[in-house]
Amino acid sequence: MSSIIISYDICNVDLGESTDLIMTTSDSPENTIHGRSSVFHKFQEYLGEFVYGGIDGSVTTFAVVAGAAGAHLESSVIIILGFANLIADGFAMSVGSYLSTKSEKQNYEKHKKIEYWEVENIPDAERQEIREIYQSIGFEGKLLDDVVDVITADKDRWVDTMMKHELEMQEETKSPFAMGFVTFISFIILGLIPLTVYVWDFINPINIQHFLVSSILTGLAFLSIGLLKGYVTHTNKLRSTLETLLLGGAAAVLAYFVGSLLEQIIA
């Protein structure tokens, strides 16, 4: 009932008042709570994809490095294996993200077309469904009749309501290409970190413990991406950071000992 009153009031304000209303709404406490007024707001819808692409990139590449180090392979071999994994797995992930997002959009459009057909060909049944939806929320009597009349007076509004409340589907607004691109870039950027010291040593040989330095750099990457994951999911930052560090470390330890074991068996 309150949403109808609010909509009615908004429809009756002049342009200047509505502009002020929009500006006020964008700075509302609700937007702050949901993080929509933060510095990341412009990129936030793709931030999650960046985080998960980065996690996969850093974890899988470091696992390759750890396995190769456990097998005591040369730095040149580690670079080859690392970059092969980096490009192939990063591309595969980006394609998967692209196809997944595209499939969601296509599935939404398919069901939307079905709803338009139903509205045009069996309007009585669809109208009854609208009535049942709002009746279940608590609308009744004349107010319920008015709501049904308003919604079914416009086919686009009618179909949108059916999509949201009957099929419980939301339209995917993110670009499939952008999703795939962000996944690939984050995978490459963070996946390069475990390989950095080996590439540097190949270009300009240095006398250091390569795997130790790679582990430290990757650990810092895990901490950073875990912190960012906590921000994206609105969960405890410390817990998210430690969780990412421990899971990434566990994958590396497992890969290291598998590499070491295989090296002993083969040798």
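The values are calculated or read from the model by the stated rules, or taken from the named source; none is laboratory data. What you see is a predicted model, and the numbers here were worked out from it, not measured in a lab. Glycine also receives a Cβ, built like all others from the backbone with ideal geometry; neighbour counts cover every protein chain displayed.
Of all residues in region 231-251, none are among the acidic types (Asp, Glu) and touching a residue at least 40 places away in the same chain (Cβ under 8 Å).
Annotation: Tyr256 fulfils all but one of (1) under 30 Å from Leu47 (Cα atoms); (2) part of a helix (DSSP H, G or I); the unmet one is (1). On the given criteria, is Glu74 over 23 Å from the mean Cα position of the chain (by Cα) and within 30 Å of Glu263 (Cβ to Cβ)? Taking the combined requirement at face value, the residue satisfies it. Every condition in (1) in a helix (DSSP H, G or I); (2) touching a residue at least 12 places away in the same chain (Cβ under 8 Å) holds for His72 except the one numbered (1). Any idea which residue in region 239-264 is farthest from Lys229 (Cα to Cα), counting only those that are in contact with a Phe, Trp or Tyr (Cβ under 7 Å, 6 or more places away or on another chain) and of a type outside the set (Gly, Ala, Ser)? Ranking the qualifying residues of region 239-264, first place goes to Leu245. If I filter region 210-267 down to residues being more than 22 Å from Tyr198 (Cβ to Cβ) and hydroxyl-bearing (Ser, Thr, Tyr), which single residue comes out as surrounded by the most Cβ atoms within 10 Å (Cβ to Cβ)? Step by step, filter region 210-267, then rank; the result is Thr244. Would you point out the residue of region 236-253, among those that are of a type in the set (S, T, N, Q) and part of a helix (DSSP H, G or I), that is modelled with the lowest pLDDT? Filtering first and then ranking leaves Thr244.
If you go through region 114-128 and pick out every residue that is out of contact with any helix residue (DSSP H, G or I) (no Cβ under 6 Å at 6 or more places or on another chain) and part of a helix (DSSP H, G or I), you end up with 8. Name every residue in region 195-214 that is assigned to a helix (DSSP H, G or I) and either without any contact (Cβ under 8 Å) to a residue 60 or more places away in the chain or of a type outside the set (Phe, Trp, Tyr) (or both), in order of residue number. Within region 195-214, Leu195, Thr196, Val197, Val199, Trp200, Asp201, Ile203, His210, Leu212, Val213, Ser214 qualify.
Take His165 and tell me if it is surrounded by 14 or more Cβ atoms within 10 Å (Cβ to Cβ), at pLDDT below 90 and not small (Gly, Ala, Ser). Criteria met by His165. Within the set Lys112, Lys155, the sole residue that is within 30 Å of Glu45 (Cα to Cα) and either modelled with pLDDT under 90 or surrounded by 16 or more Cβ atoms within 10 Å (Cβ to Cβ) (or both) turns out to be Lys112. Would you call Lys105 in contact (Cβ under 8 Å) with a residue 24 or more places away in the chain, among the basic types (Lys, Arg) and more than 30 Å from Val64 (Cβ to Cβ)? For Lys105, the condition - in contact (Cβ under 8 Å) with a residue 24 or more places away in the chain, among the basic types (Lys, Arg) and more than 30 Å from Val64 (Cβ to Cβ) - is met. Quick one: is Gly54 at pLDDT 65 or above, touching a Leu at 6+ places or on another chain (Cβ under 7 Å) and part of a helix (DSSP H, G or I)? When the stated conditions are applied, Gly54 passes them. Selection within region 252-267: residues that are touching a helix residue (DSSP H, G or I) at 6+ places or on another chain (Cβ under 7 Å) and either among the aromatic types (Phe, Trp, Tyr) or without any contact (Cβ under 8 Å) to a residue 40 or more places away in the chain (or both). The member of this set that is nearest to Gly67 (Cα to Cα) is Tyr256. Total residues in region 151-193 satisfying the condition of being closer than 23 Å to Asn121 by Cβ, part of a helix (DSSP H, G or I), touching a residue at least 12 places away in the same chain (Cβ under 8 Å) and of a type outside the set (Ser, Thr, Tyr): the figure is 8. Take the conditions (1) surrounded by 13 or more Cβ atoms within 10 Å (Cβ to Cβ); (2) over 31 Å from the mean Cα position of the chain (by Cα); Ile188 misses just one of them, which is (2).
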